[in-house]
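The values are calculated or read from the model by the stated rules, or taken from the named source; none is laboratory data. Since this is a predicted model, take the numbers as computed values, not measurements. Counting neighbours? That spans all protein chains shown, and the Cβs are built from the backbone with ideal geometry, glycine included.
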Amino acid sequence: MPDILLHLLPMIAPIAASVLYAALAFHFWRSRWQAPGFTKKTPAAWERPATLTALAVHALPLADSLFDADGMHFSFSLAFSLMLWLAVAIYWLEGRHSRVDGLQPLVLPLAAASVLLPLIFPQRHPIAHANAWGFMLHFLTAMLAYSLFTLSALHAIFMGLVERRLHHKNLSPCLDHLPPLMTLETMLFRMIGVAFTLLTAALASGLIFSEAIFGKAITLDHKTLFAFASWGIYAALLLGRHIYGWRGRVALRWTLAGFALLFLAYIGSRFVLEVLLGRIG
């Protein structure tokens, strides 16, 4: 019996984390999007500890899959899982200082799905030079940038939903108590600004350390091209915001376009290679 439990443990933790995320998503959807006037009330005291518990349970199988006795391994499913773990963690930390109810029903279902992906697609490939500080700098800044851009994209989608309801005069009593769209927009560009800085650092560290770590200069493959194209879109968006005052639907479209390219840069390309083409390395 103990052997069976040890064998099932790698499956139990992801399923438990997924169930926790899904239950929290349902709770936040009912309480934030469906309950009239809930945002006037103080959030339930158990919400933050429950979210932290889900993060902790998610971290166990994620760390076990990323690191083992042979070193570090990675894949598109682990990248997506780590990206959503960081996104939920960042949102949880941000919740200590500001309150924007409504994004949880968007990010938590994605986290519930992401934690199960490594079970469905278990293919992994070893990461060479994972202990090199140059690689760790590149890896951490890239994943943090991915996570913040994920939150930015979800924030943009949420703003689009709120704006559409405003135009149709169909804003629910709960969403009616959100901060003004201008405030939500300011928060969006603050996230994009931080994420853009991290993405710039990730791309710069990749250029600087590529030859030292991997023994060759950076190659202009599809992943690199998509990443730099995304960087260009976000750079244009921030310049347009600063010079021309871009806002509203224009800003939302640029935000989602930049995220789509960034998503394709690694996770999309790895999905094609690992799942569709069956290449692990």
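Residues are listed down the side, and each one gets a yes or a no for (1) among the small types (Gly, Ala, Ser); (2) surrounded by 15 or more Cβ atoms within 10 Å (Cβ to Cβ); (3) at pLDDT 90 or above:
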site: 23; (1), (2), (3): yes, no, yes
site: 34; (1), (2), (3): no, no, no
site: 40; (1), (2), (3): no, no, no
site: 58; (1), (2), (3): no, yes, yes
site: 62; (1), (2), (3): no, yes, yes
site: 77; (1), (2), (3): yes, yes, no
site: 93; (1), (2), (3): no, no, no
site: 96; (1), (2), (3): no, no, no
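Annotation: of all residues in region 191-232 being within 11 Å of residue 258 (Cα to Cα), buried (at least 20 other Cβ atoms within 10 Å of the Cβ) and of a type in the set (A, V, I, L, M), the one that is modelled with the lowest pLDDT is 227.
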